[in-house]
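One structure is given here, and the rest of the page talks about it.
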Amino acid sequence: MAKTNLPQDDTGQFPRPEYMYRSSMNQSYTGEKRNSLTWAVYDENVDLTMTDGVVPEYGLNRITETMTGHTFEMDDTPGNERILIKHNSGAGIELCADGSICISALKNKIECTGGDQTVIITGNGNIHYKGNLDFKVDGEFNIDCLDFNLNVRNDKNETVGGDEVKANYGGITQTVKGSVSSFVTENVATTVLGSSYNSVKKDYTMNTEGNVNMPTKGNFFATSADIMNLASDNLTLSANNMTVQGGAGTIGGTGMLISAKGAVFEEGVTAPTFHGSLNGKSKFAEKADEAGSAPLGPGSGGGTYTGTPTPTIAKPTAEKVTTYLTRSAGGIKKVTVDHEASIKNYIDRTADYDGIF
């Protein structure tokens with residue numbers, strides 16, 4: 001289109017439709033409308049109405065608008081004192097009447113800082129990412145807060161490349177709906193300065209290829225309402241005072257020896273040979289010689305006598321048992337955990353600082 005010197009727009013862009021048959025003065029300047037930013041997304045927890053204010057008053061608003069709609073506005077209208085820089089897409093920056101700053105980016109937003117960056121907020125903060133969020137920190141990542149609440153609605157994956165140190169000065173409560181699995185390639189050490197309780201609804205299994213040591217300073221109870229089975233290639237039971245009793249069962253074996261102070265049997269006793277004196281009918285053994293059918297001793301011609309020697313038994317005397325319990329590796333171990341509460345006082349400094357810590 002050829003240009004002319006007539007007072008008209010040879011490009012055909014002006015006047016725009018909203019300015020047809022009226023003054024060409026900007027409508028935001030005359031107070032007919034109010035320019036506002038356009039928001040790409042909305043969130044029910046974020047109030048974006050702070051930028052909605054009164055319409056500018058004529059003569060109190062300074063505005064520059066390009067042919068494509070880019071706007072720079074400075075408004076002195078009472079209650080609507082603000083500065084607006086807006087792209088024709090609706091993105092931009094608004095310095096609101098109360099001193100707030102609103103930034104709208106309809107596409108991407110990139111910030112690059114060549115040095116340090118500090119953000120100080122005296123009020124609350126609310127960040128909502130509707131997509132993914134990645135944090136990459138080449139140095140340390142430190143968080144110092146009063147309370148820390150974490151809500152993960154799905155899976156949580158955590159990888160620690162080095163050591164993990166955790167100090168908790170309160171209680172820990174953990175609730176798991178499913179199963180818990182723990183895999184450790186080295187040792188596990190747990191020190192409990194109070195009591196420890198384990199309650200299992202179903203089976204409890206403990207497997208180890210090494211040794212198991214369970215020394216205790218107090219009482220040790222192990223009971224079963226059904227079956228209790230102790231099996232070992234070599235089993236030793238020792239005590240200064242021991243009671244072994246049962247309603248029925250068997251004690252012994254073809255290779256077992258018994259050394260005791262006495263015995264009471266409710267029924268007969270069978271043995272190849274008895275050594276020692278026998279009370280009862282044996283007092284009248286001399287009468288048996290008068291019976292022709294009574295077996296006599298060797299050389300009497302009335303029967304035979306085969307002697308079975310008494311086996312050699314290392315008698316577990318009271319002195320030997322006490323020595324075994326107090327001095328041998330299989331005896332009673334002396335157990336002391338946190339002598340004089342040194343570990344507890346190192347963690348909980350309440351006693352050292354009269355309850356101030």
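Specify which of the listed residues (S232, S199) is within 30 Å of Y169 (Cβ to Cβ) and exposed (fewer than 10 other Cβ atoms within 10 Å of the Cβ).
None of the others qualify; the one that does is S199.
Given the conditions (1) within 24 Å of I127 (Cα to Cα); (2) of a type in the set (S, T, Y); (3) touching an Asp or Glu at 6+ places or on another chain (Cβ under 9 Å), which single one is not true for T64?
So T64 meets the others, but not (1).
Answer yes if at least one residue in the stretch 226-236 is in contact with a helix residue (DSSP H, G or I) (Cβ under 8 Å, 6 or more places away or on another chain) and either in contact (Cβ under 8 Å) with a residue 12 or more places away in the chain or not in a loop (DSSP other than H, G, I, E, B) (or both), and no otherwise.
no
Specify which of the listed residues (G125, G139) is assigned to a loop (DSSP other than H, G, I, E, B), more than 20 Å from the chain's Cα centre (by Cα) and closer than 30 Å to K107 by Cβ.
Unique residue meeting the criteria: G125.
For a quick check of your reading: which strands (runs of 3 or more DSSP E) sit entirely within the stretch 1-114 and have at least 1 residues that are modelled with pLDDT of 85 or more and loosely packed, with under 13 Cβ neighbours inside 10 Å?
The qualifying strands (runs of 3 or more DSSP E) are 61-65, 101-104.
From G252, G268, grab the single residue that is more than 25 Å from G331 (Cα to Cα) and in a loop (DSSP other than H, G, I, E, B).
G268
Can you confirm whether F148 is modelled with pLDDT of 90 or more and in contact with a Phe, Trp or Tyr (Cβ under 8 Å, 6 or more places away or on another chain)?
Considered against the rule, which asks whether it is modelled with pLDDT of 90 or more and in contact with a Phe, Trp or Tyr (Cβ under 8 Å, 6 or more places away or on another chain), F148 comes out as no.
Please go through the stretch 229-255 and pick out each residue that is within 30 Å of V337 (Cα to Cα) and among the aliphatic types (A, V, I, L, M).
Matches in the stretch 229-255: L230, L235, L237, A239, M242.
Within the stretch 180-196, which residues are surrounded by fewer than 10 Cβ atoms within 10 Å (Cβ to Cβ) and either within 25 Å of A341 (Cα to Cα) or among the basic types (K, R) (or both)?
N187, V188, A189, T190, T191, V192, G194, S195, S196 - these are the residues of the stretch 180-196 that are surrounded by fewer than 10 Cβ atoms within 10 Å (Cβ to Cβ) and either within 25 Å of A341 (Cα to Cα) or among the basic types (K, R) (or both).
The values are calculated or read from the model by the stated rules, or taken from the named source; none is laboratory data. Note that the structure is a prediction, hence the values are computed from the model and not measured. For neighbour counting, all protein chains shown are included, and Cβ atoms are generated from backbone atoms with ideal geometry for every residue, glycine included.
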